[in-house]
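FYI, it's all coordinate maths here, none of it is from the lab. Being a predicted model, the structure only gives us computed values, none of them experimental. Glycine gets a Cβ as well: all are built from the backbone with ideal geometry, and neighbour counts include every protein chain shown.
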Amino acid sequence: MNDFIIAPSILSADFARLGEEVDNVLEAGADIIHFDVMDNHYVPNLTIGPMVCKALRKHGVTADIDVHLMVKPVDRMIGDFIEAGASIITFHPEASEHIDRSLQMIREGGCKAGLVFNPATPLHYLKHVMDKVDMVLLMSVNPGFGGQSFIPGTLDKLREARALIDASGYDIRLEVDGGVSEKNIAEIARAGADTFVAGSAIFGKTDYKAVIDAMRKELSSVR
Ligand SMILES: O=C(CO)[C@@H](O)[C@H](O)COP(=O)(O)O
Ligand SMILES: [Fe+2]
């Protein structure tokens with residue numbers, strides 16, 4: 001994977017033209033596709049499931065699909081998304097009865113595994129599973145909706161997560177999700193993130209390439 005990864009969240013795409021939207025954003029320079037799964041139980045919203053992931057694969061999408069599970073319980077969805085062609089599957093530790101088992105299920109299915117931390121969820125869930133995660137995802141908004149404002153306290157939490165990852169010696173990506181735009185992406189990268197989810201900042205504009213290029217320009221000043 002690239003040093004910095006830009007992952008547009010299709011939550012803000014036009015669902016009536018989803019295949020075309022995904023093609024267009026990849027053509028515009030996105031690295032992977034962020035796929036938000038909400039169940040109206042763990043979070044107060046309802047979105048898309050494994051059938052849509054499978055349909056994108058059938059449509060011809062070959063880029064990595066980064067599935068962010070906001071569902072409870074999680075394990076049944078893990079199997080379904082492995083089967084549907086997910087590349088990365090992340091879940092919220094509070095939503096799993098057995099975090100270690102859920103992580104193992106993801107890797108055994110051939111996908112990369114990750115844990116997602118809400119703004120108020122402590123990072124201590126990572127302590128005993130560092131060897132089983134490929135991705136740590138910090139939410140910079142409360143999960144459930146696109147278009148919210150970045151919570152500034154996430155920057156300190158990113159620094160804390162970066163230190164834990166570096167000290168572990170494992171190859172783990174640090175992703176941030178919520179309120180990311182070309183205006184704050186450099187500051188977020190300086191705090192330690194290497195993977196950036198952006199929904200409304202990209203799909204809310206007509207020229208996806210211009211936004212992604214602007215993000216890359218900002219990131220080039222960081223490393
Ligand atoms: O997981 C979520 C929201 O729960 C996100 O992936 C959002 O879709 C990000 O949207 P923006 O804040 O970038 O508009
Ligand atoms: Fe997300």
Inset, instruction - Name the one entry in 35, 15 that is aromatic (Phe, Trp, Tyr), within 14 Å of ligand 1 (Cβ to nearest atom) and surrounded by fewer than 18 Cβ atoms within 10 Å (Cβ to Cβ). - result: 15
Inset, instruction - Determine whether residue 141 is within 12 Å of ligand 1 (Cβ to nearest atom), part of a loop (DSSP other than H, G, I, E, B) and among the β-branched types (Val, Ile, Thr). - result: yes
Inset, instruction - Kindly indicate whether residue 16 is away from ligand 2 (no atom under 16 Å from the Cβ), out of contact with any Leu (no Cβ under 8 Å at 6 or more places or on another chain) and hydrophobic (A, V, I, L, M, F, W, C). - result: yes
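Considering 82, 88, which residue is away from ligand 1 (no atom under 16 Å from the Cβ), closer than 24 Å to residue 7 by Cα and within 18 Å of the chain's Cα centre (by Cα)?
On the way: 88 fails: away from ligand 1 (no atom under 16 Å from the Cβ).
It is 82.
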Legend entry - Given (1) under 24 Å from residue 200 (Cβ atoms); (2) buried (at least 17 other Cβ atoms within 10 Å of the Cβ), index of the condition residue 113 fails: (1)
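Hey, which of the strands (runs of 3 or more DSSP E) in the range 19-110, taking only ones fully inside, have at least 1 residues that are out of contact with any helix residue (DSSP H, G or I) (no Cβ under 7 Å at 6 or more places or on another chain) and of a type in the set (S, T, N, Q)?
On the way: elements: 33-38, 65-70, 88-91.
Once the strands (runs of 3 or more DSSP E) in the range 19-110 are filtered for at least 1 residues that are out of contact with any helix residue (DSSP H, G or I) (no Cβ under 7 Å at 6 or more places or on another chain) and of a type in the set (S, T, N, Q), what remains is 88-91.
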Legend entry - Residues of the range 144-162 satisfying the condition of being surrounded by fewer than 16 Cβ atoms within 10 Å (Cβ to Cβ) and assigned to a helix (DSSP H, G or I): 156, 159, 160
Inset, instruction - Look at the range 116-138 and say how many of its residues are assigned to a loop (DSSP other than H, G, I, E, B), under 17 Å from the mean Cα position of the chain (by Cα) and more than 16 Å from ligand 1 (Cβ to nearest atom). - result: 2
Legend entry - Failed item, numbered, when residue 47 is tested on (1) farther than 26 Å from residue 174 by Cβ; (2) within 12 Å of ligand 1 (Cβ to nearest atom); (3) of a type outside the set (A, V, I, L, M, F, W, C): (1)
Legend entry - Unique match (being within 16 Å of ligand 2 (Cβ to nearest atom), in a helix (DSSP H, G or I) and within 20 Å of residue 66 (Cβ to Cβ)) among 202, 165: 202
Legend entry - Conditions (1) in contact with a His (Cβ under 8 Å, 6 or more places away or on another chain); (2) within 16 Å of ligand 2 (Cβ to nearest atom): number failed by residue 45: (1)
Inset, instruction - Being within 24 Å of residue 194 (Cα to Cα) and not in a helix (DSSP H, G or I) is the filter here, so list the residues in the range 7-18 that pass it. - result: 7, 8, 9, 13
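Count, please, the residues in the range 173-199 that happen to be part of a helix (DSSP H, G or I) and either of a type in the set (Val, Ile, Thr) or within 11 Å of ligand 2 (Cβ to nearest atom) (or both). It would help to see each step written out before you state the result.
At the first step, the residues of the range 173-199 found to be part of a helix (DSSP H, G or I) are 185-190.
From what's left, either of a type in the set (Val, Ile, Thr) or within 11 Å of ligand 2 (Cβ to nearest atom) (or both): 185, 188.
Selection size over the range 173-199: 2.
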